[in-house]
Amino acid sequence: MSLVSLGSDNHSGIHPALLDAMVAVNQGFAASYEQDPWSQELKQKILSEFDAVDSALVFNGTAANVLCTQLALQSYEALLCSDASHLAVDECGAPEKIAGVKLVSLPTDNGKIRIPSIEQHITRRGDQHCSQVKMLSITQPTEYGTLYSLEEIAQIAEICKSNDLYLHMDGARLGNAAAALQCNFKTLVKHCDLVSFGGAKNGSMLGEFVIVRNPDLKKGLKFFRKQSLQLPAKTRFLSAPMIRYLQDDLWLEIAQHENEMAQLLRQGLEKIGTVTFTRPTQANSVFCILPRPIIKELRKSFFFYVWDEQTFEVRLMTGFSVTPQHINDFVTLVQSIHTERTTP
């Protein structure tokens, strides 16, 4: 891709520090399948950072989400999730096919589940004709870049506790959420039973984690992972970069930069009259509506996604490699095209 991309944080390469960490372990021999010293060190670090009881490295976020589902649910049980969540929209039915469970989509505002609606979907308990709701999944940040506050998470957790539900957090961009909420990972996930923790969207080449915080749910993790084709062989090349990511608050440095670039982008676009914002900007994405002719011209120089083809809502996302100059160039181009089209 030759264009500067505001399409996804996945479009950035590997963060230099993480690439250096990968190269550094590319010598000699090491055990495979998470038995190497780097993977063992990383596991202990994950357990400490998240106050967890077990973890497992997998290839991608879909796998992490599905494995969390397999650990928590029987085939006759159901999972509540946002109607905009990755689980419901972007995983091609993987939870249903692989875990064999039912997903129930809940209404949302800007990607966040409407908390008062949760208990309305916990019905027919004990009815053999109905899938039994047993877990709730929230995405942090949401697919629209919005955040659940720590108070909202606590409120959701209380509902789960009262109704005997497990709480799962899909954290593909968890670093961005923790940076924005000014907390550490342990605080952010303290009410969760299971967490999907992302690497690829945070500067790594690939690799995500299933993090188990509820001791009752750790049984079978390594076997479900193997059955799901998600056990990497040369795990040192995935573990060493993640160790570096968690060291010296590098994760925070990356997340703060991405979030700041999104704020800079929004501030620049707010000065242009033809841009309408559709969602709050709380992490590293900006959602707005641009006139269709502007979109066509912009995409000659910048890549980004049109999120809604009906309204021309676009998603502009900032990865670690996006710079203030990129933001300035984009805003300047929007202003230039707007001026050309409005000047008599």
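The values are calculated or read from the model by the stated rules, or taken from the named source; none is laboratory data. The structure presented is a predicted model; accordingly, all values stated were derived computationally and were not measured. Here Cβ is always computed from backbone atoms with ideal geometry, including for glycine, and neighbour counts include all displayed protein chains.
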Report summary line: Taking first residues from the stretch 102-121 that are acidic (D, E) and second residues anywhere that are part of a helix (DSSP H, G or I), the pairs with Cβ under 9 Å that are 6 or more apart or on different chains are E119/I159; E119/S162
Query raised in the report: Across the stretch 228-279, what is the total count of residues that are crowded, with 19+ Cβ neighbours inside 10 Å, assigned to a helix (DSSP H, G or I) and among the polar types (S, T, N, Q)?
Result: 2
Query raised in the report: Just for the stretch 1-60: of the residues that are β-branched (V, I, T) and either assigned to a loop (DSSP other than H, G, I, E, B) or modelled with pLDDT of 95 or more (or both), which one is surrounded by the fewest Cβ atoms within 10 Å (Cβ to Cβ)?
Result: V23
Report summary line: Scanning the stretch 122-156 for residues that are within 30 Å of D9 (Cβ to Cβ), polar (S, T, N, Q) and touching a residue at least 40 places away in the same chain (Cβ under 8 Å) gives S137, T139, Q140, T142, T146, Q155
Query raised in the report: Is it fair to say K190 is without any contact (Cβ under 8 Å) to a residue 12 or more places away in the chain, surrounded by fewer than 23 Cβ atoms within 10 Å (Cβ to Cβ) and over 19 Å from A262 (Cβ atoms)?
Result: no
Query raised in the report: Of the numbered conditions (1) surrounded by fewer than 24 Cβ atoms within 10 Å (Cβ to Cβ); (2) outside any helix (DSSP H, G or I), I211 satisfies every one except a single condition; which is it?
Result: (1)
Query raised in the report: Hey, among Q267, Q247, Q282, Q263, which residue is touching a residue at least 40 places away in the same chain (Cβ under 8 Å) and either under 30 Å from E49 (Cα atoms) or not assigned by TED's automatic domain parsing to the domain that holds L181 (or both)?
Result: Q282
Query raised in the report: Would you pick out the residues in the stretch 281-316 that are more than 16 Å from N110 (Cα to Cα) and either of a type in the set (V, I, T) or in contact with a strand residue (DSSP E or B) (Cβ under 6 Å, 6 or more places away or on another chain) (or both)?
Result: L290, I294, I295, F302, F303, F304, Y305, V306, F312
Query raised in the report: Out of (1) on the phi < 0 side of the Ramachandran plot; (2) touching a residue at least 12 places away in the same chain (Cβ under 8 Å), what's the single condition that is false for G220?
Result: (1)
Query raised in the report: Could we say that R225 is among the charged types (D, E, K, R), within 15 Å of I46 (Cα to Cα) and surrounded by fewer than 24 Cβ atoms within 10 Å (Cβ to Cβ) here?
Result: no
Requested in this report: Look at K201 and say whether it is out of contact with any strand residue (DSSP E or B) (no Cβ under 6 Å at 6 or more places or on another chain) and under 25 Å from K45 (Cβ atoms).
Outcome: yes
Query raised in the report: Which of the residues spanning the stretch 304-338 are farther than 19 Å from F277 by Cα and touching a residue at least 12 places away in the same chain (Cβ under 8 Å)?
Result: G319, F320, S321, V322, T323, P324, H326, D329
Requested in this report: Confirm whether P95 is modelled with pLDDT under 95 and under 20 Å from C192 (Cβ atoms).
Outcome: yes
Report task. For the stretch 111-158, enumerate the residues that are hydroxyl-bearing (S, T, Y), within 22 Å of the chain's Cα centre (by Cα) and not in a strand (DSSP E or B). Result -> T142, Y144, T146, Y148, S149
Query raised in the report: Looking at the stretch 193-208, which of its residues are among the hydrophobic types (A, V, I, L, M, F, W, C), buried (at least 21 other Cβ atoms within 10 Å of the Cβ) and within 12 Å of Y245 (Cβ to Cβ)?
Result: F197
